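The values are calculated or read from the model by the stated rules, or taken from the named source; none is laboratory data. Computed from a predicted structure; not experimentally measured. Cβ placement follows ideal geometry from the backbone for every residue including glycine, while neighbour counts extend to all protein chains displayed. When the accessible area is computed, the model is the full protein with side chains, heavy atoms only, and any ligands, DNA or RNA have been set aside. Shrake-Rupley method; radii C 1.70, N 1.55, O 1.52, S 1.80 Å.
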Amino acid sequence: MSGQFLISLLSPTTGIILFAAFFVLWLKKRELTYILTASLGYLLTAFGFLFQDTFPPWLMNAQRIASNLCFLLGVATILVAPLQRNKIAIPWISMSTTLLSDMAILVWFLLVSPNLVARIAVASIALNLMIFLPLKQFSSGMQNRFSDRLLLWVMIFSLVIFIIRPLMAFWTPDGTDTYNALDQSTYWGLVHFSFIVMAITMAIALMVSVSLDLMDDLKKEAITDSLSKLSNRRGFEEGAEQALQRSKTNETISVLLLADLDRFKSINDLYGHGTGDRVIRDFGQIIQSLSDNTTVAGRIGGEEFAILLPESSHESAQVFADNLREQFQQLYLDNPEFTSSTPTTSIGLVSSNQNTETTLSKMLNQADKALYSAKNKGRNRVQWYQD
């Protein structure tokens with residue numbers, strides 16, 4: 001078995017191994033569709049090299065068109081995976097136009113006016129466009145995370161090596177005068193080498209991204225209340241402390257709301273814990289619907305919820321509390337299921353400018369006093385803390 005033949009097997013073998021690795025990972029985490037996309041991309045590139053190097057010749061050298069098509073589609077599919085991960089729009093139209101144009105020109109230079117150098121140039125330009133288009137889209141929509149920056153640099157690296165690679169075809173003209181010479185040339189060895197480097201670096205970047213995403217998911221689960229889908233006490237305190245610190249730095253007011261579901265024990269006793277759980281879920285959903293991206297909300301006890309509104313005015317906090325109380329009450333007001341005890345909520349509020357030394361612990365204590373006052377005044381009401 002010749003050394004050249006062994007080299008020709010490296011790229012498809014690499015593609016098949018990476019396809020298998022990502023496909024098995026997707027079988028374990030099927031919600032990660034971008035992993036399936038990457039695996040299909042590696043499989044397509046493997047077929048591209050197999051068509052070119054190991055399959056017997058087809059009629060009119062058609063295997064070379066199939067090879068170019070598979071390789072272009074494969075690399076583009078691999079580069080689309082980061083876009084899917086970040087839910088960034090994929091430039092389907094521009095990528096499809098590039099692919100179709102490339103195929104038409106390649107057919108011309110293969111069948112109508114045979115020209116190997118022109119075919120190499122056209123395929124290289126199309127390949128770089130198929131990398132550049134998702135790269136451009138990704139760079140404009142990526143988040144400022146380590147995994148995103150890593151993927152971006154790998155995509156840039158892939159573009160660079162695929163720009164450099166075709167120059168070798170013109171630096172070694174004796175290797176591009178015939179297909180047989182091309183298959184034995186330094187350039188064709190560089191084709192395999194550049195793909196293997198790109199494939200492995202992108203695979204590592206994607207694997208790192210998957211690992212970091214899973215770690216983030218585990219961290220979120222650790223600070224999230226599974227029933228209300230809000231933060232648990234630990235998560236709320238971490239987020240609220242950070243928000244209060246920012247509010248102090250910016251010299252703005254924050255308002256803390258402490259809400260407690262009225263007579264919740266009687267709801268559990270009368271209608272069962274399943275209904276009680278549903279009431280908590282409903283209350284959490286209403287809080288989420290009223291919140292913006294600055295709001296810090298959490299379920300900090302059985303039926304007790306804390307909501308911090310950073311950089312808020314008294315008026316807007318009052319509106320938030322009133323809407324929360326009214327929407328929650330309205331949800332069950334005409335519900336025949338709740339005949340004996342309709343779920344309502346009492347809410348205590350305190351502003352960070354009501355004391356000179358604002359801490360979360362102190363605000364929670366003051367909001368609790370306001371909540372206790374609301375309970376004493378008949379429940380289902382909003383009460384501000386009075387010094």
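Confirm whether Ile204 is of a type in the set (Val, Ile, Thr) and open to solvent by 50 Å² or more (accessible area, probe 1.4 Å). It would help to see each step written out before you state the result.
Values: of a type in the set (Val, Ile, Thr): yes; open to solvent by 50 Å² or more (accessible area, probe 1.4 Å): yes.
So Ile204 passes the test.
Do we have any residue at all in the stretch 219-232 that's assigned to a helix (DSSP H, G or I) and closer than 20 Å to Leu349 by Cα?
As a first pass, look at the stretch 219-232 and keep what is assigned to a helix (DSSP H, G or I): 219-222.
Retained after the next criterion (residues that are closer than 20 Å to Leu349 by Cα): none.
The answer is no; no qualifying residue exists.
Among the residues of the stretch 371-385, is any at pLDDT 85 or above, within 22 Å of Thr295 (Cα to Cα) and open to solvent by 80 Å² or more (accessible area, probe 1.4 Å)? Before the answer, list the steps.
Of the residues in the stretch 371-385, the ones at pLDDT 85 or above are 371-385.
Then keep just the ones that are within 22 Å of Thr295 (Cα to Cα); that gives 371, 381-385.
In the following step, the residues that additionally are open to solvent by 80 Å² or more (accessible area, probe 1.4 Å) were identified as 381.
The answer is yes; a qualifying residue exists.
Residues checked against (1) over 19 Å from Ser346 (Cβ atoms); (2) open to solvent by 30 Å² or more (accessible area, probe 1.4 Å); (3) touching a helix residue (DSSP H, G or I) at 6+ places or on another chain (Cβ under 6 Å); (4) at pLDDT 95 or above:
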position	(1), (2), (3), (4)
Glu251	yes, yes, no, no
Ser254	yes, no, yes, no
Phe264	no, no, no, no
Ile286	no, no, yes, yes
Gln330	no, yes, no, no
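When you go through (1) out of contact with any Leu (no Cβ under 6 Å at 6 or more places or on another chain); (2) touching a residue at least 40 places away in the same chain (Cβ under 8 Å); (3) part of a loop (DSSP other than H, G, I, E, B); (4) farther than 25 Å from Asn250 by Cβ one by one for Ser312, which number turns out not to apply?
Condition (4) is where Ser312 drops out.
Pick out the one residue from Ile88, Ile35, Ile93 that is farther than 24 Å from Gly189 by Cα and assigned to a loop (DSSP other than H, G, I, E, B).
Being farther than 24 Å from Gly189 by Cα and assigned to a loop (DSSP other than H, G, I, E, B) holds for just one of Ile88, Ile35, Ile93, which is Ile88.
On the basis of being in a helix (DSSP H, G or I) and surrounded by fewer than 17 Cβ atoms within 10 Å (Cβ to Cβ), does Gly274 make the cut?
Numbers: in a helix (DSSP H, G or I): yes; surrounded by fewer than 17 Cβ atoms within 10 Å (Cβ to Cβ): yes.
When the stated conditions are applied, Gly274 passes them.
Please pick out the residue among Leu40, Leu27 that is part of a helix (DSSP H, G or I), free of Cβ contacts under 8 Å to residues at least 24 places away in the same chain and farther than 17 Å from Asp102 by Cβ. Walk me through it before giving the result.
Working: Leu40 fails: free of Cβ contacts under 8 Å to residues at least 24 places away in the same chain.
Going through Leu40, Leu27 in turn, just one is part of a helix (DSSP H, G or I), free of Cβ contacts under 8 Å to residues at least 24 places away in the same chain and farther than 17 Å from Asp102 by Cβ: Leu27.
Which residue is most open to solvent (accessible area, probe 1.4 Å), if the candidates are limited to the stretch 332-366 and must be of a type in the set (Val, Ile, Thr) and modelled with pLDDT under 85? Give the derivation first.
Step one: list which residues in the stretch 332-366 are of a type in the set (Val, Ile, Thr), which gives 339, 342, 344-345, 347, 350, 356, 358-359.
Narrowing the set further to residues that are modelled with pLDDT under 85 leaves 339, 342, 356, 358.
Working: Thr339: 113, Thr342: 51, Thr356: 149, Thr358: 18 Å².
If we take residues in the stretch 332-366 being of a type in the set (Val, Ile, Thr) and modelled with pLDDT under 85, then Thr356 is most open to solvent (accessible area, probe 1.4 Å).
Inspect all residues belonging to the stretch 277-295 and state whether any of them is touching a Pro at 6+ places or on another chain (Cβ under 9 Å), under 24 Å from Gln242 (Cα atoms) and not charged (D, E, K, R).
Yes.
Give the residues of the stretch 236-293 that are farther than 15 Å from Arg325 by Cβ, touching a residue at least 60 places away in the same chain (Cβ under 8 Å) and among the acidic types (Asp, Glu), sorted by residue number.
Within the stretch 236-293, Glu237, Glu241 qualify.
For Val197, indicate whether it is in a helix (DSSP H, G or I), of a type in the set (Val, Ile, Thr) and within 18 Å of Tyr34 (Cβ to Cβ). Working first, answer last.
Numbers: in a helix (DSSP H, G or I): yes; of a type in the set (Val, Ile, Thr): yes; within 18 Å of Tyr34 (Cβ to Cβ): no.
Here the answer is no, as Val197 does not meet what is asked.
Can you tell me which residues in the stretch 136-148 are in a helix (DSSP H, G or I), open to solvent by 80 Å² or more (accessible area, probe 1.4 Å) and at pLDDT below 95? It would help to see each step written out before you state the result.
Start the filter on the stretch 136-148 by keeping residues that are in a helix (DSSP H, G or I), which leaves 136-141, 146-148.
Keeping just the survivors that are open to solvent by 80 Å² or more (accessible area, probe 1.4 Å) gives 136, 140, 146.
The answer is Ser140, Phe146.
So which residues in the stretch 60-99 are open to solvent by 40 Å² or more (accessible area, probe 1.4 Å) and over 20 Å from Asn115 (Cβ atoms), if there are any at all?
Leu73, Gln84, Lys87, Ala89, Trp92, Ile93, Ser94, Ser96, Thr97
Is it the case that some residue within the stretch 328-348 is under 30 Å from Asp387 (Cβ atoms) and under 35 Å from the mean Cα position of the chain (by Cα)?
We begin by selecting, within the stretch 328-348, every residue under 30 Å from Asp387 (Cβ atoms); these are 328-329, 344-348.
Restricting the remaining residues to those that are under 35 Å from the mean Cα position of the chain (by Cα) gives 328.
Checked against the condition, which is being under 30 Å from Asp387 (Cβ atoms) and under 35 Å from the mean Cα position of the chain (by Cα), the stretch 328-348 yields at least one hit.
Going by what's in this entry, would Ala104 be described as assigned to a helix (DSSP H, G or I) and either among the polar types (S, T, N, Q) or open to solvent by less than 40 Å² (accessible area, probe 1.4 Å) (or both)? Full working, then the answer.
Details: assigned to a helix (DSSP H, G or I): yes; either among the polar types (S, T, N, Q) or open to solvent by less than 40 Å² (accessible area, probe 1.4 Å) (or both): no.
Criteria not met by Ala104.
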